[in-house]
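Below is one structure, written out as structure tokens, with a few remarks after it.
The values are calculated or read from the model by the stated rules, or taken from the named source; none is laboratory data. Since this is a predicted model, take the numbers as computed values, not measurements. Here the Cβ positions follow ideal geometry from the backbone for every residue, glycine too, while neighbour counts run over all protein chains shown. The protein model used for the area step is the full one, side chains on, heavy atoms only, and it has no ligands, DNA or RNA in it. Shrake-Rupley method; radii C 1.70, N 1.55, O 1.52, S 1.80 Å.
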Amino acid sequence: MQADSQVRHLLGINSLTDGDVRLLLDRAQALASGAQPTLLDRTTANLFFEPSTRTRVSFELAASRLGMTVINIELNQSSSSKGESLEDTLATLTSMGVECLVLRHPETNRCERLVPGLIGNVSLLNGGDGSGEHPSQALLDAATLEITGLNWPQATIAIVGDIRHSRVARSGIKLFRRLGLGRLRIAGPGQLMPEGETDGVEVCNSLEEAVRDADAVMMLRVQRERMDAAGWPDQDLYHQDWGLREDHLRLARPGCRVMHPGPINRGMEIDSVVADGPQSLILHQVRMGVFTRMAIFEWLFDGIKN
Ligand code: CP
């Protein structure tokens, strides 16, 4: 079975056209506002080689709400634990009629590398690959910002924390710039800032500088699992310099949105009083994740010409 070039995949933000982005964001917001979902007689499988709560469950819920059949592969009980290659696992699932594979994997660019070897009419959705991309998270973040009234050209967004290892930041920066964001700032400890140039992004030296007059501040978790430095950074020291507190919000625009993709480390990158406060969109992001992933499935299968 040869791969079908008509099949859509969601590998990263650059795999979407501007038209795709607009369609997905509008559809996610329409679904969140009560639009009728399109029922899809399709089968999807979740393969998560890294832990996940939000992404895995919301892809599962999204598929269920569209009437799809959902299979969760338990990796420790699947043949990958006997040494089967990922390519062989995917070919096996596709041969059984799985039409969509949602993959989370610790290796950066793993999804992109798998595409040439896919067989048949199977779509691949990147559920987060190493320090690469997390496109569905960026889309749900953008949908959350739009549904709360953000005006992209006039807005300032600060992304703060472990930018270097963050696939959320990498996809978010690409998407927010595509959407015409006025000012995009990044900030974090030097060791956690990206290597090389970051076009179109302002690099700030402190959390205070990053949040000043911001319309949204997105805090990121320190990804210890992608670092060699055991025990670094110290939680209290990190919190002193880079933990978002209530007093920081007073520097931002009134009503500045507080975001975090989760999972959050309370008392490290964010205080509980802020994470649970009136400006926090953290659970709105989670809710919008289900609608965004419903929109992604609808887009994916509408693109297949039967
Ligand atoms: N935001 C996010 O990817 O969360 P999970 O790791 O819980 O899926």
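Ignoring any ligand, DNA or RNA, what whole percent of the accessible area of the chain comes from carbon and sulfur when the probe is 1.4 angstrom? Result for the chain: 47 percent of the exposed heavy-atom area is carbon or sulfur. The slack in the chain from M227 to E246, taken as 0.36 nm per residue of separation less the alpha-carbon distance, amounts to 3.9 nm. Measuring between their Cα centroids, region 240-305 and region 106-122 lie 29 Å from each other.
A simple count of charges around H239, restricted to other residues whose Cβ falls under 11 Å of its Cβ and scoring Lys, Arg +1 and Asp, Glu -1, yields -3. The stretch between D18 and S64 holds 13.8 nm of extra length on full extension. This uses 0.36 nm per residue minus the Cα-Cα distance.
If you look at the Cα atoms of the chain, you get an Rg and a Dmax of 19.3, 59 Å. Taking 0.36 nm per residue of separation and subtracting the Cα-Cα distance, full extension of the segment from T148 to Q36 would add 38.2 nm. Accessible surface for the chain, divided over its residues, is 44 Å² per residue with a 1.4 Å probe. Near S79, once Lys and Arg are set to +1 and Asp and Glu to -1 for all other residues with Cβ below 13 Å from its Cβ, the sum equals -3. Think of region 1-101 as having a plus end and a minus end, set by charges on the Cβ of Lys, Arg, Asp and Glu; of I73, A63, I13, A63 sits farthest toward the positive end of this dipole. Oblate is the label for region 103-148. Its Cα gyration tensor axes, ordered a ≥ b ≥ c, give a/c of at least 1.5 and b/c at or above a/b.
If you wrap region 142-194 in the convex hull of its Cα atoms and look at it from every side, the mean projected area works out to 3.4 nm². Could you work out which residue, out of E197, E99, E112, moves most in a Gaussian network model of the chain, that is, has the largest mean-square fluctuation with Cα springs under 10 Å? Of E197, E99, E112, the Gaussian network model singles out E197 as fluctuating most.
Distance between the 7 Å Cα→Cβ label points at Q279 and N76: 4.1 nm. Report the longest stretch of the chain that contains none of the trypsin sites (Lys or Arg not before Pro) sitting in a DSSP loop with at most 12 other Cβ atoms within 10 Å. After excluding every exposed loop site, the longest remaining stretch is 1-249. When its C-alpha radius of gyration is set against 2.2 N^0.38 Å (N residues), region 39-90 gives a value of 1.24. The C-alpha radius of gyration of region 1-153, expressed as a fraction of 2.2 N^0.38 Å, stands at 1.06. Each Cα pair under 8 Å and six or more residues apart adds its separation to the average, and for region 1-146 the resulting relative contact order is 34 percent. Using a/c under 1.5 as the rounded threshold, could you call region 156-259 rounded, prolate or oblate? The axes a ≥ b ≥ c are square roots of the C-alpha gyration tensor eigenvalues, and prolate needs a/b larger than b/c, oblate otherwise. Oblate. Anisotropy class assigned to region 110-219 is oblate, per the alpha carbon gyration tensor with a/c at or over the 1.5 cut-off and a/b no larger than b/c. Membrane-span-like helices in the chain, defined purely by DSSP H runs whose alpha carbon atoms cover 20 Å or more axially and whose average Kyte-Doolittle hydropathy reaches 0.5, are 282-302.
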